Ligand SMILES: Nc1ncnc2c1ncn2[C@@H]1O[C@H](COP(=O)(O)OP(=O)(O)OP(=O)(O)O)[C@@H](O)[C@H]1O
Ligand SMILES: Nc1ncnc2c1ncn2[C@@H]1O[C@H](COP(=O)(O)OP(=O)(O)OP(=O)(O)O)[C@@H](O)[C@H]1O
Ligand code: SF4
Ligand SMILES: [Mg+2]
Ligand SMILES: [Mg+2]
């Protein structure tokens, strides 16, 4: 793939958080520690494509989403939108870019202002970006959005706390769609929904993509959802991308031991099928001053002596697939 | 069969709102036995969390009100308990993991302070003892380098880590009954499997009982013994795990199972249940599911179907099942 057809390109993206030293380690004279939430990742998303991002809880997916939307600034690395370096944008260009890149959050409870009605929540972004002039026009667009996300129109003047968790997530999705974005980043946008509404919302994501050529970065833990929605998938483990490739191939023949472990742990919705299996041993790896070598060391069933010494780079293995593992 | 620990009988919860009255939970009855895992699934907004909060007596009154029914915990109606009795029950005997961690965690306290608070008041541990116990609990729920994360604030934790902080708090006093409202939604499948193992081990070791509310039917299929399905404030189906997955009777349950994306099948579009959730302020007459049901008959538009036993231990509320 050439850079030319990438809508979003991320190179060496890194976010390190310095940690508060607790009083005990201060007394012991230990030096301040660094939490490497995202540690040098590269990926591209073509226009009209969906990249699914999966990985261990705490591996840096939401941090990646926040970096790409510039809610937080990276420690290092580059984020380009349509070939332009977003980090060098002027404030006015950045304001326009905020409309182009919309984020649907993981936790709808904290992302919706409790003192605003649904009408106010959904019309605010339109006002900010000058998309609707009159009140009547805004009202019409808001009602249309509610219908799109499967919420009854009678909800328009209610407040977020009057809704169930799933209903609130639909409001958050409607808000992201309200400004006609190009790239929608969904940070677990369907995790809070029941499977029937989830199916509706996934179909909606699909429809909007076909209709408007939307591009998605889609974060989810449910691997059947990822399999369903994604063209390509990237798997993260403790701040690194360990495997990436076309969804069908990656699911049919996972290459990295962590990807394999993920697939083995999926509970399928059929009590007759094998229960989920835990194939990784030991404790979850830490992003705080991680040791050299592969981050799966100590937990990996395929570990070699080299794994603890040298960090495996993400390399091309053909068919548009990349893997970071010494023992393929 | 083990004895019932929790019995809900005709539980009905209303909210009086400016725009009218909303019945969030309507005549719900079920029972959870000692050591049993009861799964509660269903439409978003159908009343699962309100049911759970009612058991803990955490419905905001007003606007809410438990208007009918009985919730017996170990034989005593919690609705008759004094506030002091309730406080003794909550946290120690019955613990709850809330659906939205950010609404239940305090942003100005560190992770250690949040969890040790309960340990110090309920178990009378000293500050240092509580701190050690928190380290243990955090590592039990799979937080890496727990000692170094004690003084972090919740906004510095990822979504799944917050959820595990909630779980650690809930498990801190070894409750005999756990109500877990979407406890693994924000977790990847490997950590989810670890958490489910942890919960299962608590059931085996302490005879803990569990109400597990989740949208993840895969988790339900592998952890729950019996399952209740809710739609628009009603319990519409109730049965053993195999009854629900292999012989679902209510059209809503059937639709729910058909909506699941499968790892193997690759359809471009999924098959959701048609239509959208009904307006709970003005619900349809008769069976609330009728506007979306492919089998709706005249009687469905007039009469609420009876919730009745259709096979031993398997209950459902649908007029189709009344025909003979
Ligand atoms: N503001 C912050 N200060 C310190 N650490 C942070 C901050 N934000 C995130 N982190 C840490 O960065 C790591 C990655 O967090 P992130 O939220 O990106 O994970 P995630 O992959 O989205 O996880 P989940 O699947 O649980 O949502 C975690 O260890 C988290 O504690
Ligand atoms: N504090 C409240 N004030 C007014 N209405 C409420 C309140 N809490 C809940 N409701 C209403 O009660 C109904 C049931 O909500 P509940 O939160 O129990 O749904 P749920 O089944 O848990 O949904 P989800 O799966 O989306 O979490 C919804 O219609 C909701 O809008
Ligand atoms: S590099 Fe080594 S330790 Fe890491 S995943 Fe591959 S085999 Fe396992
Ligand atoms: Mg996250
Ligand atoms: Mg709920």
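The values are calculated or read from the model by the stated rules, or taken from the named source; none is laboratory data. These figures come from a predicted structure and were not determined experimentally. Please note: Cβ atoms are built from the backbone with ideal geometry, for glycine as well, and neighbour counts cover all protein chains shown.
Looking at region B:271-284, can you tell me whether even one residue there is modelled with pLDDT of 90 or more and touching a strand residue (DSSP E or B) at 6+ places or on another chain (Cβ under 7 Å)?
No: region B:271-284 contains no residue that is modelled with pLDDT of 90 or more and touching a strand residue (DSSP E or B) at 6+ places or on another chain (Cβ under 7 Å).
Quick check on my filter: what residues within region A:278-328 are exposed (fewer than 13 other Cβ atoms within 10 Å of the Cβ), away from ligand 3 (no atom under 15 Å from the Cβ) and without any contact (Cβ under 8 Å) to a residue 40 or more places away in the chain?
Once the filter is applied, which keeps residues that are exposed (fewer than 13 other Cβ atoms within 10 Å of the Cβ), away from ligand 3 (no atom under 15 Å from the Cβ) and without any contact (Cβ under 8 Å) to a residue 40 or more places away in the chain, region A:278-328 yields A:316, A:318.
Looking only at region B:258-275, count how many residues are over 14 Å from residue A:229 (Cβ atoms), within 7 Å of chain A (Cβ to nearest Cβ) and surrounded by fewer than 19 Cβ atoms within 10 Å (Cβ to Cβ).
So the count comes out to 1.
Would you tally the residues in region A:72-91 being in contact (Cβ under 8 Å) with a residue 24 or more places away in the chain and either surrounded by 15 or more Cβ atoms within 10 Å (Cβ to Cβ) or in contact with a helix residue (DSSP H, G or I) (Cβ under 8 Å, 6 or more places away or on another chain) (or both)?
10
Of all residues in region A:205-247, which are part of a loop (DSSP other than H, G, I, E, B) and either within 14 Å of ligand 1 (Cβ to nearest atom) or surrounded by fewer than 23 Cβ atoms within 10 Å (Cβ to Cβ) (or both)?
Across region A:205-247, the qualifying residues are A:213, A:220, A:221, A:222, A:231, A:238, A:239.
Taking the condition of being at positive phi, in contact with a helix residue (DSSP H, G or I) (Cβ under 8 Å, 6 or more places away or on another chain) and within 16 Å of ligand 1 (Cβ to nearest atom), how many residues in region A:44-61 meet it?
2
Since residue B:233 meets every condition but one in (1) over 13 Å from the mean Cα position of the chain (by Cα); (2) away from ligand 5 (no atom under 16 Å from the Cβ), which condition does it not meet?
For residue B:233, the failing item is (2).
Within region B:143-165, how many residues are within 11 Å of ligand 1 (Cβ to nearest atom), in contact with a helix residue (DSSP H, G or I) (Cβ under 7 Å, 6 or more places away or on another chain) and part of a loop (DSSP other than H, G, I, E, B)?
Total meeting the criteria: 4.
Of B:168, B:193, which residue is within 16 Å of ligand 1 (Cβ to nearest atom), part of a helix (DSSP H, G or I), without any contact (Cβ under 8 Å) to a residue 40 or more places away in the chain and closer than 29 Å to residue A:265 by Cα?
The conditions single out B:193.
Is it true that some residue in region A:117-124 is within 14 Å of chain B (Cβ to nearest Cβ) and more than 22 Å from residue B:18 (Cα to Cα)?
no
Kindly evaluate residue A:267 against the criterion of being in contact with a strand residue (DSSP E or B) (Cβ under 8 Å, 6 or more places away or on another chain), away from ligand 1 (no atom under 16 Å from the Cβ) and within 13 Å of chain B (Cβ to nearest Cβ).
no
Answer yes if at least one residue in region B:112-125 is under 27 Å from residue B:237 (Cβ atoms), touching a helix residue (DSSP H, G or I) at 6+ places or on another chain (Cβ under 7 Å) and not in a loop (DSSP other than H, G, I, E, B), and no otherwise.
No: region B:112-125 contains no residue that is under 27 Å from residue B:237 (Cβ atoms), touching a helix residue (DSSP H, G or I) at 6+ places or on another chain (Cβ under 7 Å) and not in a loop (DSSP other than H, G, I, E, B).
Restricting region A:60-88 to residues that are under 18 Å from residue A:287 (Cβ atoms) and under 14 Å from the mean Cα position of the chain (by Cα), which is farthest from ligand 5 (Cβ to nearest atom)?
Residue satisfying both the conditions and the ranking: A:67.
Identify the residue in region B:39-67 that is part of a strand (DSSP E or B) and farther than 30 Å from residue A:195 by Cβ and, among all such residues, is farthest from ligand 1 (Cβ to nearest atom).
Filtering first and then ranking leaves B:67.
Find the residue count for region B:1-13, including only residues that are surrounded by fewer than 20 Cβ atoms within 10 Å (Cβ to Cβ) and at pLDDT 95 or above.
Within region B:1-13, residues that are surrounded by fewer than 20 Cβ atoms within 10 Å (Cβ to Cβ) and at pLDDT 95 or above number 4.
Condition first: under 28 Å from residue A:288 (Cβ atoms), within 16 Å of ligand 4 (Cβ to nearest atom) and within 13 Å of chain B (Cβ to nearest Cβ). Now tell me which residues in region A:224-256 satisfy that.
Within region A:224-256, A:226, A:235, A:236, A:237, A:238, A:239 qualify.
Would you point out the residue of region A:145-171, among those that are more than 9 Å from ligand 2 (Cβ to nearest atom) and within 16 Å of residue B:215 (Cβ to Cβ), that is surrounded by the most Cβ atoms within 10 Å (Cβ to Cβ)?
A:170
Does at least one position in region B:15-23 carry a residue that is away from ligand 1 (no atom under 16 Å from the Cβ), free of Cβ contacts under 8 Å to residues at least 60 places away in the same chain and surrounded by 16 or more Cβ atoms within 10 Å (Cβ to Cβ)?
yes
For the structure I just gave you, tell me whether residue B:29 is more than 16 Å from ligand 1 (Cβ to nearest atom), within 15 Å of the chain's Cα centre (by Cα) and not in a strand (DSSP E or B).
no
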